[in-house]
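Q: Submitted below is the structure of interest, expressed as structure tokens.
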Amino acid sequence: SVDQMAEYLTKPDRFLGVHFFSPVHKMPLVEVIPSKHTSDVVIADVCKMIIKNKKFPIIVKNCPGFLINRILLPYVNEAIHLMMQGFKVDDIDRVATKFGMPIGPLALADEVGLDIGFNVLSILIKGYGPRFSMPSQFSQAVQDEQLLGKKSGKGFYDYSKATPTVNYDLYKKNSIVMKYRISKQDEIEIIDRLILIMVNEASRCIEESVVQSPEKLDLAMIMGTGFPPFRGGLLKFADDRGP
């Protein structure tokens, strides 16, 4: 907690959090997280520094996951639930990229590292409760077999050859009946579950004033996660979709 760290400083008014996004050379967003002590002058100076470095600052409230990770992790977690229900890893990722996401949720998890994803999810579970829980069966499999993603050579995909392939062992070892063919209705279910769970969390963030406006949240999602700009942002998509 940024507030907690600030308590130990002699000048807590000069302390805040600055959170970049991966890959840093591509993602323009930087979250600025003031503590309850941070002075407005320091916030303004840090925002100027970020702009000078050709990045885009957004001020967010100090809370578990801040803004982007709090919204994005349910997307990845829901993809794991879909996989555990038999949907193929590459089908889930294909449907997400067809919607306009720059990378599928399971390929993203492999890139970042499953151990890092687990750590962030555990912080979110402590902060917000069981809606962030991962399937326990999968969690155990990852820990037992050291499936860390790309850096260990295996995660949702197998990276032992030049072209990554689906790690079918995940299905065998968890006794999952895999759906080799999916229907149009299956595709609709996949994208609804991936995107609407983010809409739910984004709505909570607006309600809790984690960010100043829906427009700023949408801009942050585009610049921090690559959410498809042609959809106008996550909450604009929700408005267009309707109740």
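Q: Report, by chain and number, residues whose modeled amide H sits under 5 Å from the one on GLY155, excluding near sequence neighbours (fewer than 5 apart, same chain).
A: GLY149
Q: Report relative contact order for segment 86-243 in percent, whole number only (criteria: Cα-Cα under 8 Å, sequence separation at least 6).
A: Values: 144 pairs, mean separation 35.4, N = 158.
Worked out over segment 86-243, it gives 22 percent.
Q: Number of Lys pairs in segment 3-81 with C-alpha atoms less than 15 angstrom apart, excluding same-chain neighbours closer than eight positions?
A: Lysine pair count for segment 3-81: 4.
Q: Also, I was wondering about something else. Quick one: of the DSSP bridges fully inside the chain, what percent are antiparallel, nearest 5? Provide the component values of the computation, followed by the final result.
A: Numbers: 9 of 14 bridges.
Among the beta bridges of the chain, antiparallel pairing accounts for roughly 65 percent.
Q: Under the rule of at least 5 residues apart or a separate chain, name every residue whose amide H is placed under 5 Å from the amide H of VAL166.
A: Residues meeting the criterion, in which the H sits 1.01 Å from N, are ASP158.
Q: Rank these residues by their accessible area, most exposed first, probe 1.4 Å: VAL211, VAL18.
A: Details: VAL211 5, VAL18 60 Å².
The ordering from most to least exposed comes out as VAL18, VAL211.
Q: What does the extension gain come out to for PHE118 and MET178, with contour length at 0.36 nm per residue minus their alpha carbon separation? Don't jump to the answer; show the numbers that get you there.
A: Details: separation 60, 0.36 × 60 = 21.60 nm, distance 2.40 nm.
Contour length minus Cα-Cα distance gives 19.2 nm.
Q: So, R0 is 25 Å and r is the distance between the beta-carbons of ILE191 and GLU111; what FRET efficiency does that work out to, to 0.05? Walk me through the numbers on the way to the answer.
A: Details: r = 21 Å, r/R0 = 0.83.
Efficiency for this residue pair is about 0.75.
Q: Next question, about the same structure. Work from the charge dipole of the chain (Cβ charges, +1 for Lys and Arg, -1 for Asp and Glu, about the Cα centre) and give the residue of GLN212, GLY226, MET84 farthest towards its positive end.
A: Highest projection toward the positive end goes to GLY226.
Q: Within the chain, which is the longest segment that contains none of the trypsin sites (Lys or Arg not before Pro) sitting in a DSSP loop with at most 10 other Cβ atoms within 10 Å? Present the calculation step by step, with values, prior to reporting the outcome.
A: Numbers: sites that count: LYS26, LYS36, LYS54, LYS161, ARG181.
It works out to 55-160.
Q: With a 1.4 Å probe and every protein chain kept in, tell me what percent of the accessible surface of the chain is carbon plus sulfur.
A: Details: 7040 of 12600 Å².
Carbon and sulfur: 56 percent of the exposed surface of the chain.
Q: Accessible area of ILE222, 1.4 Å probe, to the nearest 10 Å²?
A: Probe radius 1.4 Å; accessible area of ILE222 about 40 Å².
Q: Here is a further query. Give the relative contact order (percent, whole number) for segment 64-171; include only Cα pairs under 8 Å separated by 6+ residues.
A: 26
Q: Lysine pairs in segment 138-243 with Cα distance under 26 Å, only those 8 or more apart or on different chains: how many are there?
A: Counting lysine pairs in segment 138-243 gives 16.
Q: Then there is this: Keeping all protein chains in place, calculate the accessible area per residue for segment 81-143 (probe 1.4 angstrom), answer in Å².
A: Values: 2610 Å² over 63 residues.
Heavy-atom accessible area per residue stands at 41 Å².
Q: Work out from phi, with θ = phi - 60° and the Karplus expression 6.51 cos²θ - 1.76 cosθ + 1.60, the ³J(HN,Hα) of each residue of segment 53-60, listed in order in whole Hz, and give x for Gly and Pro.
A: Taking θ as phi minus 60°, the curve returns 8, 6, 10, 10, x, 9, 8, 10 Hz for segment 53-60.
Q: Can you sort MET27, MET49 by solvent-accessible area, 1.4 Å probe, largest first? Spell out each step's value before the answer.
A: Values: MET27 35, MET49 90 Å².
The ranking, largest first, comes out as MET49, MET27.
The values are calculated or read from the model by the stated rules, or taken from the named source; none is laboratory data. Source: prediction; values computed, not measured. Backbone-built Cβ (ideal geometry, glycine too); neighbour counts: all protein chains shown. Note: accessible area is taken over every heavy atom of the protein model, side chains too, but ligands, DNA and RNA are not part of it. Shrake-Rupley method; radii C 1.70, N 1.55, O 1.52, S 1.80 Å.
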